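Working notes, beginning with the structure itself.
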Amino acid sequence: MEYPTEVLPVSAAAIMRAARLLSSGQVVAFPTETVYGLGANALDEAAVRGIFEAKGRPADNPLIVHIAEACALDALVAEIPDTARALMRAYWPGPLTLIFPKKDAVPGIVSAGLSTVAVRMPDHPVAVALIREAGVPIAAPSANRSGRPSPTAAAHVLEDMRGRIPLILDGGACAFGVESTVVDVTGHVPVLLRPGAVTAEMLRAVLPELSIDPAVLSPVAEGAKPASPGMKHRHYAPNARVVIVDGTKESAAGKARALYLEAEAGGGRAVILCAACRMPRYAGCAVFSLGADAREMTAGLFDALRRVDREGYTLAIAEAADTEGIGLALMNRLLRAADFTVVRADDSP
Ligand code: TXA
Ligand code: MG
């Protein structure tokens, strides 16, 4: 179906309109504190199918269900483990998604046939108002076409979803600009599946036993079954090739510059992605600053990856991120954008 896609700035009337569309089984994009979501009534199988169609999302990749009150959890999940209660107390509402054993009321299409369901309580006034107004839990993946960088502004959503959905609620830029942290609390030990703004350190302050899934920083082996289906799909990727350069401050800059010159000599157009303070090292090169610190850089990454394509670059060379705090989320998304292509500067002669 082809829609004239409307972009409405947030207002009480716009939220009402979006809620009515959701109630009638339509798909609507809305802002959250992480990234924009592509929402539909989580309990309406046909509506949820509309999300998969609009995104071009593989049917084996499950969705997150968004709720506005913790009490809405009971209708969705079979059990709330103690580990989950502890994390919910500490970080809900907020950028934290938990994986629970699911109840039958959640349609199989939402969980892609898994026996578990991902649930998040966002901390964004528009998302919360929309869920309340619609009166149902909202299934919502990030509002990008499958495989593209997640949208952190309404303009990004329009870029990917024009003609595919009736309405985008424009609530401005997303504060964190990176998708929620995902933790599986169904097993013996809680497992971090996707790093986000609720950092591994913050999780371990509550649950010291937390383990980190190896897929956070390493590719899932061909044929292996990842704990989170989303981890096996190429993700966050612009059309341009992305390469990560890892090394000391000196060697990384030298290697990045060498790759840059090599690409330009071969007729390509390269751009360097780095922290604001590192820009002077690349005088004479095209450079995008991601931001001043790890939090800003994480929030700026997806916009920068989209800009790489808009401005016609063929190669983006990114400096590796320090994996402390939110840096783990930054490196996780960079690695996926780069399809795990990392060049170690110190290895070069
Ligand atoms: O911040 C966010 O989480 C945003 C906003 C809109 O809330 N949503 C989001 O959704 O990023 P999505 O669909 O792009 O990412 C959901 C991730 C995927 O990697 C998916 O595989 C994983 O969560 N996931 C969902 N349900 C799961 C389940 N039952 N078990 C394991 N992983 C699951
Ligand atoms: Mg996504």
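Read the figures in this text as sums done on the coordinates, not as results from a lab. No experiment lies behind these values; they were computed from the predicted model shown. Cβ placement follows ideal geometry from the backbone for every residue including glycine, while neighbour counts extend to all protein chains displayed.
Results, tabulated for the structure shown:
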read-out	value
Region 232-261 residues near the modelled Cys277 label - backbone nitrogen below 18 Å, point 7 Å along Cα→Cβ	247-254
Solution diffusion estimate, µm²/s, Stokes-Einstein, the chain, Kirkwood Rh from C-alpha pairs, 25 °C, viscosity 0.890 mPa s	119
Segment Ala224-Ala12, length gained on full extension (0.36 nm per residue, minus Cα span)	71.6 nm
Net +/- balance of residues flanking Ala54 in space, Cβ distance below 13 Å, scoring K and R +1, D and E -1	+4
Cut-off 9 Å between beta-carbons: net charge of the residues surrounding Thr314, Lys and Arg +1, Asp and Glu -1	+2
Long-range amide H partners of Val77 with built H, under 5 Å	Lys103
³J(HN,Hα) computed for each position of region 262-270 - Karplus, 6.51 cos²θ - 1.76 cosθ + 1.60, integer Hz, glycine/proline x	4, 5, 5, 5, x, x, x, 10, 10
Net charge, Ala68 excluded, C-beta distance under 10 Å - Lys, Arg +1, Asp, Glu -1	-1
Relative packing of peptides 18-28, 80-90 - highest average C-beta neighbours within 10 Å first	18-28, 80-90
Residues whose placed amide H lies under 5 Å from that of Arg194, excluding near-sequence neighbours	Val182
Average Cα contact separation per residue, the chain, under 8 Å, 6 or more apart, as relative contact order %	19
Phi-based couplings in Hz for region 299-314 (Karplus 6.51, -1.76, 1.60; Gly and Pro marked x)	5, x, 4, 5, 4, 5, 5, 5, 5, 3, 6, 4, 8, x, 6, 9
Peptides ranked, highest mean first, by Cβ atoms within 10 Å: ranges 244-250, 193-199	193-199, 244-250
